[in-house]
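Structure first, commentary second.
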Amino acid sequence: MKHIPRKRFGQHFLADTAVLDAIVRAIDPQPGDALVEIGPGLGALTQPLLERCERLTVIEIDRDLAARLRRNPALEVVEADVLTVDFRALSEARGRPLRVVGNLPYNISTPIAFHLLEQVDAIADQHFMLQKEVVERMVASPGHKDYGRLSVMLQWRYDIELLFEVPPEAFEPPPKVDSAVVRMVPLPKPPAVDPARLGELVTVAFSQRRKLLRHTLGRWLEQQGADVAFDLQRRAEEVPVHEYVALAVQLQSAAPSV
Ligand code: SAM
């Protein structure tokens with residue numbers, strides 16, 4: 001039966017075989033990999049992945065699509081909202097860190113990135129199709145107009161690379177935006193920083209991008225009673241990731257013990 005794409009689930013199915021080939025080549029799946037696909041849909045990516053690995057776990061929210069996927073015995077189908085999925089448990093069940101892939105529903109791509117960040121210890125790598133503008137924010141360097149909270153919150157923990165861009169015509173139905181494929185590999189020796197603390201201070205720093213940090217972060221640090229060394233005569237977009245991390249670490253060690 002023909003599936004009618006559901007807008008609320010961000011359903012834009014990949015229809016360009018050259019793009020599909022390029023994604024599979026970028027992932028380079030190996031037999032034994034613990035691959036997990038988010039949003040398999042009608043299986044455009046699922047099928048070529050399965051040809052290269054023995055097993056594949058897929059997470060699909062759409063009941064009709066999940067039912068179709070269950071007909072393939074090589075697939076472990078998790079019918080759920082990906083934002084509720086316990087990736088650590090999936091990794092434990094497979095006995096190794098996960099390789100997570102997917103042409104993501106764009107409306108929830110940032111929440112998905114943060115959901116995975118919380119469980120990054122269970123992840124080997126991530127390959128995603130996303131809205132190009134989101135990927136540009138993920139990979140942006142200090143001084144670039146796209147550098148912001150998303151850049152800092154992901155770059156402190158992942159090596160991130162925009163692999164290639166994909167035009168709307170590659171999908172059916174075509175989305176209104178350009179897309180790009182991104183690779184995210186967790187850093188082997190991440191700094192010992194509390195992500196919640198880092199998130200809090202980065203949100204404050206970028207709350208008013210145009211202002212000098214003394215007006216935003218400076219006030220916040222004062223309220224915290226924190227005596228830390230940090231140059232506040234800059235704008236948030238000028239500060240490299242490692243300096244935000246160092247500040248969060250300073251705050252952690254300066255925090256009164258309870
Ligand atoms: N992988 C397919 C392809 O490339 O043709 C479909 C990609 S489509 C952009 C996004 C897929 O994610 C759809 O199958 C949709 O039903 C599914 N999806 C949307 N929201 C989801 C959620 N919260 N949890 C799991 N899957 C979701």
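Nearest 10 degrees, 0 to 90: what angle lies between the long axis of helix 241-254 and the longest principal axis of the chain (Cα atoms)?
Result, in degrees: 60.
Can you list the lysines whose alpha carbon is less than 21 Å from that of Lys145, not counting same-chain residues fewer than 8 positions off?
Excluding near neighbours in sequence, the set is Lys132, Lys211.
Using only the alpha-carbon atoms, how far is helix 17-27 inclined from the longest principal axis of the chain? Give it as 0 to 90 degrees, nearest 10.
50 degrees
Could you calculate the contour length gain from Ala89 to Arg214, that is, 0.36 nm times the residue separation minus the distance between their Cα atoms, to one decimal place in nm? Spell out each step's value before the answer.
Working: separation 125, 0.36 × 125 = 45.00 nm, distance 4.31 nm.
Gain in length upon complete extension: 40.7 nm.
Restricting to DSSP loop positions (anything but H, G, I, E, B) with no more than 15 other Cβ atoms inside 10 Å of their own Cβ, which trypsin sites (Lys or Arg not before Pro) remain in segment 171-232?
Working: sites: Lys176, Arg183, Arg197, Arg209, Arg210, Lys211, Arg214, Arg219; in loops: Lys176, Arg209, Arg210, Lys211.
In loop regions of segment 171-232 (DSSP not H, G, I, E or B), the sparsely surrounded trypsin sites (Lys or Arg not before Pro) are Lys176, Arg209, Arg210, Lys211.
As an exercise, use a Förster radius of 35 Å and the Cβ-Cβ distance of Asn72 and His115 to find the FRET efficiency, rounded to the nearest 0.05.
On the way: r = 26 Å, r/R0 = 0.74.
Computed FRET efficiency for Asn72 and His115 comes out at 0.85.
Add -39500 (n - 2.57) for each DSSP H run of 4 or more in the chain, then divide by its residues: what number comes out at 222 nm, to the nearest 500 deg cm²/dmol?
Details: 10 runs with 88 residues, N = 258.
Rounded to the nearest 500, the figure is -9500 deg cm²/dmol.
Could you tell me the largest-minus-smallest coordinate of the C-alpha atoms of the chain on each of the three principal axes, in descending order and whole angstroms?
63, 39, 29
So if I place +1 on the C-beta of Lys and Arg and -1 on the C-beta of Asp and Glu, and nothing else carries charge, what would the dipole magnitude of segment 107-176 be about its Cα centre? I want it in debye, nearest 20.
Values: 6 positive and 11 negative charges, 65 e Å.
In debye, rounded to 20, segment 107-176 gives about 320.
Once you charge only the Cβ atoms, +1 for Lys and Arg and -1 for Asp and Glu, what is the size of the charge dipole of the chain about its Cα centre, to the nearest 20 debye?
Details: 31 positive and 35 negative charges, 108 e Å.
For this selection, approximately 520 debye.
Which one of His242, Leu50, Gly10 is farthest out on the positive end of the charge dipole of the chain, using unit charges on Cβ (Lys, Arg +1; Asp, Glu -1) and the Cα centre as origin?
Checking the options against the dipole of the chain, the answer is Gly10.
Mean shadow of segment 1-58, computed from the convex hull of its alpha carbons, in nm²? Walk me through the numbers on the way to the answer.
Details: hull surface 17.9 nm².
If I average the Cα hull's projected area over directions, I get 4.5 nm².
Using Cα centres only, tell me the gap between segment 48-74 and segment 4-36 in whole Å.
12 Å
Roughly how many percent of the accessible protein surface of the chain is carbon and sulfur, given a 1.4 Å probe and a whole-percent answer?
51 percent
Can you tell me, using C-alpha contacts under 8 Å and at least 6 residues apart, the relative contact order of the chain as a whole percent?
Details: 415 pairs, mean separation 40.0, N = 258.
Rounded, it is 16 percent for the chain.
Tell me which of Phe114, Ala170, Gln224 sits at the most positive position along the dipole axis of the chain, charges placed on C-beta atoms (Lys, Arg +1; Asp, Glu -1).
Checked the options; the winner is Gln224.
Using only Cα atoms, find the angle between the long axis of helix 195-205 and the longest principal axis of the chain, and express it within 0 to 90 degrees, rounded to the nearest 10.
60 degrees
Using the Cα centre as the reference, give the magnitude of the dipole from point charges on the C-beta atoms of segment 182-258 (Lys, Arg: +1; Asp, Glu: -1; all else neutral), rounded to the nearest 20 debye.
300 debye
Given a Förster distance of 22 angstrom, what is the FRET efficiency for Phe164 paired with Asn107, based on the Cβ-Cβ distance and rounded to 0.05? Please list the in-between numbers first.
Values: r = 22 Å, r/R0 = 1.02.
Efficiency, from the Cβ-Cβ distance: 0.45.
Can you give me the accessible area per residue for segment 78-139, using a 1.4 Å probe, in Å²? Working shown, then result.
Numbers: 2400 Å² over 62 residues.
That works out to 39 Å² for each residue.
The values are calculated or read from the model by the stated rules, or taken from the named source; none is laboratory data. Here the structure is a predicted model, which means the values were calculated and not measured. Please note: Cβ atoms are built from the backbone with ideal geometry, for glycine as well, and neighbour counts cover all protein chains shown. Surface areas here come from the heavy atoms of the whole protein model, side chains and all, with no ligands, DNA or RNA. Shrake-Rupley method; radii C 1.70, N 1.55, O 1.52, S 1.80 Å.
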